1. Between Ile53, Ile64, which is surrounded by 17 or more Cβ atoms within 10 Å (Cβ to Cβ) and either at pLDDT below 90 or β-branched (Val, Ile, Thr) (or both)?
2. All but one of (1) charged (D, E, K, R); (2) at pLDDT below 90; (3) farther than 27 Å from Ala11 by Cα; (4) surrounded by 15 or more Cβ atoms within 10 Å (Cβ to Cβ) hold for Glu27; which doesn't?
3. Of all residues being among the β-branched types (Val, Ile, Thr) and loosely packed, with under 12 Cβ neighbours inside 10 Å in region 1-24, which is modelled with the highest pLDDT? Just the residue, please.
Amino acid sequence: MISRQTSEMAANFIRTLEKSGTVDKGESREFTALCRKIEQDKARGEERQPVEIKLISKRKAAEILSVSVKTVDRLSASGALQKRMVGGSVRFLVADVYTLAGIRTTGTSAGA
């Protein structure tokens, strides 16, 4: 089980990110739910393998999808492709872009 100190540190970190506008409430709830799931899995003796998360730029997403950057903006605005803000830059999960493109990936390092 995750120690109480680690859990409190994670909660404080999430609150800091929310205040700075780096993540929204939905993302922090998603993260909290994932932490709870990990705790439950560990309590049952099940360990999760680490997952590599790869973010790509708008330009790279457009290249993979063979569309313009403006179209990537439209896809994001329509909700078809969820954007993530990293600092002041827009990024996308490479797995989301591949899914939208209909590209199947194996393993956790899609596009690496």
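The values are calculated or read from the model by the stated rules, or taken from the named source; none is laboratory data. These numbers were taken from a predicted model, which means no experiment stands behind them. Positions of Cβ are generated from backbone atoms using ideal geometry, with glycine treated the same way; all protein chains shown enter the neighbour counts.
1. So the residue among Ile53, Ile64 that is surrounded by 17 or more Cβ atoms within 10 Å (Cβ to Cβ) and either at pLDDT below 90 or β-branched (Val, Ile, Thr) (or both) is Ile64.
2. So the condition that Glu27 fails would be (3).
3. Thr16
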